[in-house]
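The values are calculated or read from the model by the stated rules, or taken from the named source; none is laboratory data. From a predicted model like this one, the values you see are computed outputs, not experimental measurements. Using ideal geometry, Cβ is built from the backbone for each residue, glycine included, and neighbour counts are taken over all protein chains shown.
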Amino acid sequence: MLKYLLFFAGLPLVPLLSAGDTGGFFVDKTTPLAALQQANERFLARYKSKFSWQDYLALIDELADTKRYKVIAGEDFSTVSAPDKVVVYFRHDMDLAPFHGVKMSREEKKRNLRGSYYVLHSARYYGTKKPGKMIRYAAMDALWKEIRDNGHEIGIHNDLFSMQLTNGIDPVKFQAAELAYYRAAGLPVTGTVCHGGVINAWGLNNTWIFSDFRKKGAYTHKGKVYKYGERSVKDFGFTYEGYRLRCNVRLSDISKYDASGLLKRLKACKPGDKVSLLLHPCHWRKDASVSGKK
Ligand SMILES: [Zn+2]
């Protein structure tokens, strides 16, 4: 604990900790937010958005009908009961577009909608990757705080298995250090959802890091053996994993249907349905400069 106190008092972290103590979790307190935003915009310009901002507004306008929907965060999903409503776990996986995520969190606030925003800890905007290390950008905390202040839950978009294999981080220690950092920054995190990403192409899955998914095994990569599935979601410090929340309808912006198909499916849900609605902010950027409803 002392080392965290010293660190958060502004003393340098590196001389106090070796990489092994935090599983590779370090903090960069100097890179300014404006530089990170510019870099993210340049990066995102390479990716076309699937759907438009107007498509997104149509979707959240539908969700704003409180007679029909109860829209909640993952942390509340297993305890909230509203059999006369369509209960929606409103999930946002911020893979590539955190600044656009903030914009969405503002629009949702205007409509009294609450959801979960998951921050990808292997993303470029998250930090600088070095062998065995991820050096988190503290400046980005302003975004997570604004999203939280807009009424939403901040959670972790888990890429631990992938980071272990490709970057040499220790998943258990890294996750403990990251959660301690969020707590100390006044952003307590209780939930996580798994990211797809690079290891899916290798036939692996980030969910396997957790024993709850019953995929215990070992994977050999570049001569090293990595065991997985030995510790639970709870052991890692979380109260829930989004894929394990019980839903009878799953809708997302990465399914075969388009934005109007998604809206149609949402409208077809019935009271008593428990719906997981997954959006990726990067897919709803087209024409985003058109101003939304005030
Ligand atoms: Zn993802």
Out of all the residues in region 85-113, which are within 13 Å of the chain's Cα centre (by Cα) and β-branched (Val, Ile, Thr)? Val102
Being touching a Phe, Trp or Tyr at 6+ places or on another chain (Cβ under 8 Å), without any contact (Cβ under 8 Å) to a residue 40 or more places away in the chain, β-branched (Val, Ile, Thr) and at negative phi narrows Ile147, Ile135, Ile169, Ile154 down to just Ile154
Output yes when any residue across region 180-190 is surrounded by fewer than 21 Cβ atoms within 10 Å (Cβ to Cβ), β-branched (Val, Ile, Thr) and either within 24 Å of Leu245 (Cα to Cα) or in contact with a strand residue (DSSP E or B) (Cβ under 8 Å, 6 or more places away or on another chain) (or both), and no when none is. yes
May I ask you to list the residues in region 192-246 that are at positive phi and among the basic types (Lys, Arg)? Arg214, Lys222
Condition met for Leu165 (at pLDDT below 95, more than 16 Å from the ligand (Cβ to nearest atom) and crowded, with 18+ Cβ neighbours inside 10 Å): yes
Give the residues of region 253-272 that are out of contact with any helix residue (DSSP H, G or I) (no Cβ under 8 Å at 6 or more places or on another chain) and within 25 Å of His157 (Cα to Cα), sorted by residue number. Lys256, Asp258
Being modelled with pLDDT of 95 or more, among the basic types (Lys, Arg) and assigned to a loop (DSSP other than H, G, I, E, B) narrows it down to one residue among Lys264, Lys270; which is it? Lys270
When region 42-59 is examined, which residues are found to be assigned to a helix (DSSP H, G or I) and either free of Cβ contacts under 8 Å to residues at least 24 places away in the same chain or within 19 Å of the chain's Cα centre (by Cα) (or both)? Arg42, Phe43, Leu44, Tyr56
If only one of Arg106, Arg124 is out of contact with any His (no Cβ under 6 Å at 6 or more places or on another chain), within 16 Å of the ligand (Cβ to nearest atom), touching a residue at least 40 places away in the same chain (Cβ under 8 Å) and not aromatic (Phe, Trp, Tyr), which one is it? Arg124
Checked against (1) touching a helix residue (DSSP H, G or I) at 6+ places or on another chain (Cβ under 7 Å); (2) buried (at least 17 other Cβ atoms within 10 Å of the Cβ); (3) in contact (Cβ under 8 Å) with a residue 24 or more places away in the chain; (4) closer than 22 Å to Asp273 by Cβ, Tyr69 satisfies every condition except (3)
Report the residue count in region 160-190 for those that are farther than 17 Å from Asp21 by Cα, out of contact with any helix residue (DSSP H, G or I) (no Cβ under 7 Å at 6 or more places or on another chain) and not in a helix (DSSP H, G or I). 1
If you take the residues in region 109-121 that are of a type in the set (A, V, I, L, M, F, W, C) and touching a residue at least 40 places away in the same chain (Cβ under 8 Å), which one is nearest to Thr22 (Cα to Cα)? Leu120
Which residue pairs have Cβ atoms closer than 7 Å, lie 6 or more positions apart in sequence or on different chains, and pair a first residue in region 197-215 that is within 14 Å of Lys227 (Cβ to Cβ) with a second residue that is within 15 Å of the ligand (Cβ to nearest atom) and hydrophobic (A, V, I, L, M, F, W, C)? Leu204/Phe161; Trp208/Phe161; Ile209/Leu160; Ile209/Phe161
